[in-house]
Amino acid sequence: MLAKVCSAAVNGIEAYPVEVEVNAGWGDTLVVIVGLPDAAVKESRDRVSTALTNSGYKFPMGRTTINLAPADVKKEGPSFDLPIALGMLAASEQFISDQLENFVIVGELALTGAVRPVKGVLPIAIQAQAEDKVGVLVPKDNAPEAAVVKGLQVVPIQNLREAVGFLEGEVKIPPTRVNITTIFEHPPEDELDFADVKGQESVKRALEIAAAGGHNALLIGPPGTGKSMLAKRLPTILPPLTLEEALETTKIHSIVGLLAPGQALVTQRPFRSPHHTVSDAGLLGGNINPTPGEISLAHHGVLFLDELPEFKRNVLETLRQPVEEGRVTISRAAGSMTFPSQFMLVTAMNPTPDGRMPGESRCSPREIQNYLNRVSGPLLDRIDIHVEVPAVKFREIASERTGETSAQIRERVVAARHRQQERFKGKARVTCNARMGTRELKAYCALDEATMELLKMAMAELKLSARAYDRILKVARTIADLAGSEPITSEHISEAIQYRSLDRQLWA
């Protein structure tokens, strides 16, 4: 007998339908899986056979052929265990149901018949909705994640017998529901706060500007000045995620398997801080079938690269396209994948190999220059804000006085972002000042004659590139938005120029 079960798999960050066809025939007892299965899918034969036996079912005798269609796309992972098991039971007539066509089914089977969670359930649920399916049968731990999709019946399954009982209509399982509004109203509390940072008011100001406009930032200073401490607190002053942003971020984290059991949505902006030994595949994404890397996991959040010169030069150079375009394209033998990567790049580094400022360092000028040259000029040009992080004075460390809290800073950031949203309404590509193109710069960053002359002098004095010119205008636009000013004044341009001067003092 032939049975068909609807399932799905993930390709990139999107899901596609997979039809599990199971045919029970005559001959020697043998299970054959076709349809470009990988090793994990092939191993499902042993998991499924044992799970069937331990769940009280008979293993089908004779030759059982399992086809995963479409047959020209490689199938990965253990998520086909549950649909294969149900297909084998239906093909051997151990259960009869007219509901198999109405549900998309995924899940990994334990040898006991229990259903374990799998990756990529959110994009699979979105695909099921697009196919007009009634619902999905998913592992219980994945149910809240799938329930984010409205208008879809999400059935949490704990074991194989429960799945069979539900499809036969003998077991009633209430569908999982989540209240998205409640999730956003009660996000996890931030353990970090800018009020914890003593002193460094100028750096806090620079990071506030970076957050308000979505700008990339470079922090330069000796060890122990709080560079990492400040960077880790940056997500606490970023605007809250919108529902659309949360869904995009959750899809990526779901595919990689980073969602906690029972977690429905990622409601806080991600903060990723890969070690400097990371490879280009780890940063951009890779594998035989490309999967998201660190820059995609930081989508709508912060990618923090500490000890920037310690990263391999070729790894840093791969960042240039994603930083500029907000996406990364990976080409492999299996095909090309494009992953979203709209993140804030925040980097930190020492000014010299021994950590001291150039005038105090014991390193030779050649050693210092070789150290700084590990970071290329084109990458520096793509970082909008460069700021020095000086050593904290003792009186600031010993003082019990605290600075502004993250909540206070976030209010100003959100107000500035709101002005940008109103300005760029109808332009889906431009979400903040850092994403402005040439047209937006001409339209929204016009300068009067005196301000233009000031910028001209700075460009000549600091020998800045054309890209740096655009960066200064974008940062100045953000400074004006924080001040509630529509025109960009000389004061705004002057402050923006300061955030481009430090790299020229060091790298000259």
Notebook entry, point to check: Stretch Arg374-Arg320 to full length: gain in nm at 0.36 nm per residue minus the Cα-Cα span?
Noted result: 18.0 nm
Notebook entry, point to check: Taking the simple approach of a point 7 Å from Cα along Cα-to-Cβ for both Thr329 and Leu243, what is their distance in nm?
Noted result: 3.3 nm
Notebook entry, point to check: How would you rank 227-234, 482-489, highest first, on the average number of other Cβ atoms within 10 Å across their residues?
Noted result: 227-234, 482-489
Item checked: Antiparallel bridge percentage (DSSP; both residues within the chain; nearest 5) -> 50 percent
Notebook entry, point to check: So what is the relative contact order for the chain, in percent, with contacts set as C-alpha pairs under 8 Å and at least six apart?
Noted result: 13 percent
Check: Ignoring ligands, DNA and RNA, how do Thr291, Thr225 rank by accessible area with a 1.4 Å probe, largest first?
Finding: Thr291, Thr225
Note to self: Run the simple label-point estimate for Glu422 and Arg356 please: 7 Å along Cα→C-beta, distance reported in nm.
What the structure shows: 5.2 nm
Item checked: Calculated P(r) tail over 39 Å for the chain, as whole % of Cα pairs -> 37 percent
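Mind ranking 378-385, 236-243, 404-411 by how tightly packed they are, going by the mean number of other C-beta atoms within 10 angstrom, highest first?
Packing proxy ranking, top to bottom: 378-385, 236-243, 404-411.
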Notebook entry, point to check: Looking at this model, which pairs from Lys251/Lys427; Lys133/Lys251; Lys74/Lys251; Lys140/Lys427; Lys58/Lys172; Lys204/Lys474 are more than 30 angstrom apart at the alpha-carbon?
Noted result: Lys140/Lys427
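Can you pull the percent of the chain's accessible area that's carbon plus sulfur, 1.4 Å probe, other chains left in place?
Summing carbon and sulfur atoms, their accessible area is 50 percent of the total for the chain.
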Next item on the list: Enter the Cα centre distance for the pair the range 398-452 and the range 251-283, rounded to the nearest angstrom.
Entry: 27 Å
Next item on the list: Give, in nm to one decimal, the length gained when the segment between Leu454 and Val256 is fully stretched (0.36 nm per residue of separation minus the Cα-Cα distance).
Entry: 66.4 nm
Checklist line | Whole-angstrom gap from the range 300-323 to the range 214-241, using each part's C-alpha centre | finding: 15 Å
Checklist line | Rg [Å, one decimal], Dmax [Å, integer] - the range 141-293, C-alpha atoms | finding: 20.6, 68
Note to self: I'd like the accessible area for His275: 1.4 Å probe, protein heavy atoms, all chains in place, Å² to the nearest 10.
What the structure shows: 110 Å²
Check: For the range 212-355, with every protein chain kept in place, what is the accessible area per residue (1.4 Å probe, Å²)?
Finding: 34 Å²
Notebook entry, point to check: If you average 1/r over every pair of different alpha-carbon atoms in the range 361-483 and take one over that average, what Kirkwood value in Å do you get?
Noted result: 17.9 Å
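Per residue, how many Å² of accessible area does the range 13-63 show with a 1.4 Å probe?
Using a 1.4 Å probe on heavy atoms only, each residue of the range 13-63 averages 53 Å².
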Notebook entry, point to check: Could you give the nm distance between label points at Asn102 and Arg429, where each point is 7 Å from its Cα heading toward the beta carbon?
Noted result: 4.6 nm
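The values are calculated or read from the model by the stated rules, or taken from the named source; none is laboratory data. Computed from a predicted model, the values in this text were never measured in an experiment. When we count neighbours, we look across all protein chains shown, and the Cβ atoms used for this are built from the backbone with ideal geometry, even at glycine. Quick note on the areas: whole protein, heavy atoms, side chains included, nothing else; ligands and nucleic acids left out. Shrake-Rupley method; radii C 1.70, N 1.55, O 1.52, S 1.80 Å.
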